[in-house]
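Report on one structure; see the data block that follows.
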Amino acid sequence: MKYKAVGLSLVVFTIVGCAGKAERELASGSYKYLEASQHKSMDVPEGLDSPNYSQRFILPELGENAPTDLKGKKLKVIPPTLILPLVTGTRVEEGSGEAKVLFEQVDDSEPLQKTVWDTVLDYLEKSNVGVEKFDKDNNILITNWVTEVREVPTSWYDFTDDFISLNKKFKFTMELAPHGRAASLKTELIDYLDENGRSVIEQVDLISKRTNESNFLNSVIIEYDFGIRLANTQRIATIRRGFSSEMGFNSDGNPAFMVDAVYENTWPRLLLVLRKMGFDVKDLDQSTGLLFVQYNGVESSWWSGLLGGNDELDIEKDEYRLKLEGIGEKTTVTFMDNESKPFDAKQIVKIFAPFKDYMGNEDLDI
């Protein structure tokens with residue numbers, strides 16, 4: 001299908017040499033080398049020594065599956081489009097000729113497989129591209145037609161622009177590692193319709209095929225990056241707002257604080273709360289939920305004494321330990337002494353009020 005676009009504006013005419021996109025992809029100069037033939041080796045008269053021939057410019061033998069028609073104007077001189085693993089947790093395989101990207105698990109809130117497929121589907125929906133087939137069990141997705149409107153170069157004196165509509169179909173294949181924390185996503189161009197609606201996939205050269213596949217996959221990677229940045233922004237906003245908390249018990253039945261937030265959000269918020277309460281964190285391990293702290297008291301200003309304010313906790317200035325444990329959508333925080341003995345109910349009550357205030361304070365500095 002062709003479209004005509006006519007622009008009405010003041011035009012300054014200048015005769016210039018214009019080259020279309022297709023022409024810029026070709027080698028410049030003469031193609032007379034295509035007419036060259038193999039010269040016969042020099043005949044050396046009998047009794048004379050043959051000269052030493054240099055092997056420097058001998059061309060290597062073509063592989064069995066190498067295309068033999070890519071020469072002259074059919075040979076493009078542009079490099080293949082690269083996959084851009086610009087997102088945290090993505091990388092490419094060195095030397096791979098496929099349009100493929102590797103994802104690593106960076107967010108434990110949901111399985112990596114679901115995150116990647118949701119990203120692909122979100123991108124297709126935003127691009128108004130339908131899904132022809134989605135086999136979740138075998139991790140295969142085939143798109144409907146992806147339409148590209150391309151401008152066709154015209155003469156410099158032509159006041160109109162020609163556009164053609166091309167349709168492509170892609171296949172996504174995911175390979176998931178056995179542990180589920182790594183996956184590869186590959187894109188393949190499986191069908192290509194020209195402006196007349198004819199399937200010409202067999203005529204698409206390797207570089208053009210790789211370019212189409214890489215550009216489409218790069219668009220998905222950009223969508224993946226946007227999703228991560230959006231999720232991080234929303235998570236930071238949630239942490240800034242603070243969380244409510246109440247007294248309760250941990251899984252061992254010991255007195256603890258119950259924070260109304262998931263473990264991943266409670267952990268960074270607690271680090272800020274401890275600083276405000278007068279604790280210095282000496283060591284920590286988020287994977288086990290352990291923190292080793294020293295209570296040094298709150299730094300008070302000179303006027304707080306005049307006003308009678310006192311933010312000191314009713315505990316000894318000593319070393320303590322804390323244990324975090326995620327329980328569904330909530331997190332327990334257990335205070336312990338330096339020998340890992342949990343605080344009893346009386347000790348917990350003494351520090352609950354400031355803990356609750358700081359944990360739920362929306363103005364807490366981050």
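What to note about this one:
- For first residues located in the stretch 61-90 and farther than 30 Å from Phe103 by Cα and assigned to a loop (DSSP other than H, G, I, E, B), partners that are at pLDDT below 80 and not charged (D, E, K, R) and lie 6+ apart or on another chain with Cβ distances below 7 Å form the pairs Leu62/Thr68; Leu75/Ala27; Val77/Leu26; Val77/Ala27.
- Scanning the stretch 211-256 for residues that are more than 20 Å from Ser96 (Cβ to Cβ), among the aliphatic types (A, V, I, L, M), at pLDDT 90 or above and open to solvent by less than 40 Å² (accessible area, probe 1.4 Å) turns up just one, Ala256.
- For Glu188: the one exception among (1) open to solvent by 30 Å² or more (accessible area, probe 1.4 Å); (2) part of a helix (DSSP H, G or I); (3) at pLDDT 90 or above; (4) within 30 Å of Phe134 (Cβ to Cβ): (2)
- Every pair of residues 6+ apart whose Cβ atoms lie under 6 Å, when the first sits in the stretch 95-116 and is more than 13 Å from Thr187 (Cα to Cα) while the second is open to solvent by 40 Å² or more (accessible area, probe 1.4 Å): Gln105/Arg181; Val106/Thr88; Gln113/Leu176
- Residues that are open to solvent by less than 40 Å² (accessible area, probe 1.4 Å) and at pLDDT below 90 were ranked within the stretch 126-176; the one that is farthest from Val204 (Cα to Cα) is Thr160.
- Complete set of residues in the stretch 213-248 that are closer than 26 Å to Ile348 by Cβ and touching a strand residue (DSSP E or B) at 6+ places or on another chain (Cβ under 6 Å): Phe243, Ser245, Glu246, Gly248
- Just one of the listed residues (Val333, Val262) is touching a Ser or Thr at 6+ places or on another chain (Cβ under 8 Å), within 23 Å of Arg241 (Cα to Cα) and modelled with pLDDT of 95 or more, namely Val333.
- Matching residues, the stretch 349-366, being farther than 17 Å from Gly278 by Cβ and in contact with a strand residue (DSSP E or B) (Cβ under 8 Å, 6 or more places away or on another chain): Val349, Gly360
The values are calculated or read from the model by the stated rules, or taken from the named source; none is laboratory data. Worth saying up front: this structure is predicted, and the values here are computed from it rather than measured. No Cβ is skipped: glycine too gets one built from the backbone with ideal geometry, and neighbour counts run over all protein chains shown. For accessibility, only protein heavy atoms count, side chains too; no ligands or nucleic acids. Shrake-Rupley method; radii C 1.70, N 1.55, O 1.52, S 1.80 Å.
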